[in-house]
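The values are calculated or read from the model by the stated rules, or taken from the named source; none is laboratory data. Source: prediction; values computed, not measured. Counting neighbours? That spans all protein chains shown, and the Cβs are built from the backbone with ideal geometry, glycine included.
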Amino acid sequence: MRHFARKCGRDEEKWGIIGLIHDLDYEQFPQQHCAKTQEILTAEGWPGEYIRAVVSHGWGICTDVEPVSDLEKTLYAADELVGLVAATALVRPSRSVLDMAAKSVRKKWKDKAFAAGANRDVIARGAEMLGMDLNDLITETILGMRDAAEAIGLAGDPGVADSSGGH
């Protein structure tokens, strides 16, 4: 989220915080996803804009709040995609996003059983909402994940050669 904020000249801290808290309720309340986060953040006095962004990432899945701002559309598009990118990185020889290209993710995209929880329809709809080509969205997501590769456990071992040529 910080990468996308930086790319479009927006508040990196705000976008980063929203990216960090967006699944606040998921582990404890999966059947009430987004609703519980809204309840928790409202009770804690969080700004309405933050709450709306978090709730909108579940549009069409668990909420009827459609993403309208750039921040909301980005969270909606990137949420599912980050999981697919991470799963793709973890099956690569390097186990890293540092040497990965969109081509690797697109290869895995076709296999519906691979990272089956990553809703490809949501990702494609998110790219469309952002007015981005899907490959560009994937590339930018990878670049954003590279910024945090160490922190998110996807720095892997970049010294391991990738035989697929996906550098």
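Before moving on, here are some points about what is shown:
- In summary, Leu84 fulfils each of the numbered conditions (1) in a loop (DSSP other than H, G, I, E, B); (2) surrounded by 19 or more Cβ atoms within 10 Å (Cβ to Cβ) with the single exception of condition (1).
Yes/no per residue for (1) within 18 Å of Tyr76 (Cα to Cα); (2) of a type in the set (D, E, K, R); (3) loosely packed, with under 14 Cβ neighbours inside 10 Å:
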residue: Met1; (1), (2), (3): yes, no, no
residue: Arg10; (1), (2), (3): yes, yes, no
residue: Gly16; (1), (2), (3): yes, no, no
residue: Gln28; (1), (2), (3): no, no, yes
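- Condition check for Gly126: more than 22 Å from His33 (Cα to Cα), surrounded by 17 or more Cβ atoms within 10 Å (Cβ to Cβ) and either modelled with pLDDT of 95 or more or of a type in the set (Asp, Glu) (or both): no
- If the condition is being under 17 Å from His33 (Cα atoms), not basic (Lys, Arg) and not in a loop (DSSP other than H, G, I, E, B), then segment 46-76 contributes Tyr50, Ile51, Ala53, Val54, Val55, Ser56, Trp59, Thr63, Glu72, Leu75, Tyr76.
- Search result, residues across segment 15-44 that are assigned to a helix (DSSP H, G or I) and among the polar types (S, T, N, Q): Gln31, Gln32, Thr37, Gln38, Thr42
- The C-beta contact set for segment 3-24 (first residue touching a residue at least 12 places away in the same chain (Cβ under 8 Å) and aliphatic (A, V, I, L, M), second residue surrounded by fewer than 21 Cβ atoms within 10 Å (Cβ to Cβ) and part of a helix (DSSP H, G or I), distance under 6 angstrom, 6+ apart or interchain) comprises Ala5/Glu12; Ile18/Tyr50.
- Residue selected from segment 139-162 under the condition among the β-branched types (Val, Ile, Thr) and farther than 17 Å from Val91 by Cα, by the criterion surrounded by the fewest Cβ atoms within 10 Å (Cβ to Cβ): Thr139
- For segment 87-133, the candidate set comprises residues that are closer than 16 Å to Asp157 by Cα and outside any loop (DSSP other than H, G, I, E, B); within that set, the residue that is farthest from the chain's Cα centre (by Cα) is Leu90.
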